[in-house]
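Working notes, structure below.
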There are 2 protein chains.
Amino acid sequence: MKAGAENAASKTYSITQLSEEFSVTPRAIRFYEDRGLLHPRREGQTRIYSQRDWVRLLLILRGKRVGFSLAELREILDLYDVGDQQTEQIRRTLVMARNKMVSLERQRQDIDQTMSELTVACTYFEKLLEERGIDPRAPVAASKRKKVSAA
Amino acid sequence: MKAGAENAASKTYSITQLSEEFSVTPRAIRFYEDRGLLHPRREGQTRIYSQRDWVRLLLILRGKRVGFSLAELREILDLYDVGDQQTEQIRRTLVMARNKMVSLERQRQDIDQTMSELTVACTYFEKLLEERGIDPRAPVAASKRKKVSAA
DNA sequence: GGTGACGTTGACGTTAACGTCAACTGGTTA
DNA sequence: TAACCAGTTGACGTTAACGTCAACGTCACC
């Protein structure tokens, strides 16, 4: 119970491990910390990320994909952190969360609309290509090609 | 068939009409034109927007909401414009559109996830507020208020 | 003929979210 | 001991999508 293994089975990560797992640059991860979204512990100088940090990063990235700003994400994550927030702050965040849900609802409608329009568009584009005698499923032509043995 | 009314029943819009209808600034609309997304006709110096422009703006704004960049939107709208595009350009756009559909599919999953998490979060926040004896449904306290005649 | 309302063209400013160095600090391996 | 990582801290650069002026044009009217 001394060397090596920490007391709990708490897996930790280095910054590059995280960056590879989530396909983001270390720079971005440090940036999120700078903006108060992550608080990894330090071992000497280097950052050590816990499971909790892992989850936070997951939430951050997903949040970004659905249009949250880093500031908004921070507000939300902050509230999950400690409970001794100021009442007004909690209310502010609650309002923000509700608003966000409304806009997400709309976003989903937008996505559905756009998807169906893109489907139509793709069909149209494919028709355009077929009219020119080109297989729309063919891989993108890489600059110059050598008449790929036309069966 | 001469004065005033144009031959067709084609409604037109001024830039401020459009901007009000869609809740964007004239500056933004001009910017979209600068980026090649809109091509209003000119009457002297001022811009005149047609029905077609109206639709385009609708598509632009929705596209933006689901994460398209202006450059991507331009690519797509361009293809709907004229048919004499270069084959390679059509294929590029087709590929882009297909990729976009994949990412939209994922975005919708993200939205669903986030929605359910936000629901949980809101419940949590509300509990926090109730613990402090505060009505979570109450309107946001606007600095100072005058006891708005409850009844 | 002045005074708005509405429109236009530059040109520069701004914000978010990183990218891109450069210079430095340990730890380990050859 | 030198070279080589992985990591760190500034500090400045970059891109997208506008915002914010300033200076000007042009009608309509009063």
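Is it true that some residue in segment A:76-83 is out of contact with any Cys (no Cβ under 7 Å at 6 or more places or on another chain), in contact (Cβ under 8 Å) with a residue 24 or more places away in the chain and at the interface with chain B (Cβ under 7 Å from one of its Cβ atoms)? Don't jump to the end; show me each part of the working.
Let us first name the residues in segment A:76-83 that are out of contact with any Cys (no Cβ under 7 Å at 6 or more places or on another chain), namely A:76-83.
Filter again for in contact (Cβ under 8 Å) with a residue 24 or more places away in the chain, leaving A:77-78.
When the remaining residues are screened for being at the interface with chain B (Cβ under 7 Å from one of its Cβ atoms), the result is none.
No, because not a single residue in segment A:76-83 is out of contact with any Cys (no Cβ under 7 Å at 6 or more places or on another chain), in contact (Cβ under 8 Å) with a residue 24 or more places away in the chain and at the interface with chain B (Cβ under 7 Å from one of its Cβ atoms).
When residues of segment A:40-66 are filtered for being touching a residue at least 12 places away in the same chain (Cβ under 8 Å) and within 13 Å of DNA strand D (Cβ to nearest atom), how many remain?
Of the residues in that region, 6 qualify.
With the structure loaded, tell me whether residue A:128 is modelled with pLDDT of 90 or more and outside any loop (DSSP other than H, G, I, E, B) or whether it fails that test.
On the way: modelled with pLDDT of 90 or more: no; outside any loop (DSSP other than H, G, I, E, B): yes.
For residue A:128, the condition - modelled with pLDDT of 90 or more and outside any loop (DSSP other than H, G, I, E, B) - is not met.
Condition first: within 11 Å of DNA strand D (Cβ to nearest atom) and within 23 Å of residue B:111 (Cα to Cα). Now tell me which residues in segment A:20-37 satisfy that.
Selection gives A:29 alone.
Residue check, residue B:23 against (1) in contact (Cβ under 8 Å) with a residue 24 or more places away in the chain; (2) more than 10 Å from chain A (Cβ to nearest Cβ), all met but one. Which one?
Here residue B:23 meets the rest and fails (1).
Among the helices (runs of 4 or more DSSP H) lying completely within segment B:1-113, list those that include at least 3 residues that are surrounded by 11 or more Cβ atoms within 10 Å (Cβ to Cβ) and within 16 Å of DNA strand C (Cβ to nearest atom). Break it down into steps so the answer makes sense when it comes.
Details: elements: B:15-22, B:26-34, B:51-65, B:70-81.
Of the helices (runs of 4 or more DSSP H) lying wholly inside segment B:1-113, those with at least 3 residues that are surrounded by 11 or more Cβ atoms within 10 Å (Cβ to Cβ) and within 16 Å of DNA strand C (Cβ to nearest atom) span B:15-22, B:26-34, B:51-65.
Filter segment A:84-120 down to the residues that are β-branched (Val, Ile, Thr) and at the interface with chain B (Cβ under 7 Å from one of its Cβ atoms), then identify the one that is farthest from residue A:53 (Cα to Cα).
Of the residues in segment A:84-120, the ones β-branched (Val, Ile, Thr) are A:87, A:90, A:93, A:95, A:102, A:111, A:114, A:119-120.
Those left that are additionally at the interface with chain B (Cβ under 7 Å from one of its Cβ atoms): A:87, A:90, A:93, A:95, A:111, A:114.
Working: A:87: 26, A:90: 22, A:93: 21, A:95: 26, A:111: 30, A:114: 34 Å.
Going through the qualifying residues, I end up with A:114.
The values are calculated or read from the model by the stated rules, or taken from the named source; none is laboratory data. Please read these numbers as outputs of a predicted model, since none were measured by experiment. Cβ coordinates were reconstructed from backbone atoms using ideal geometry, including for glycine residues, and neighbour counts include every protein chain displayed.
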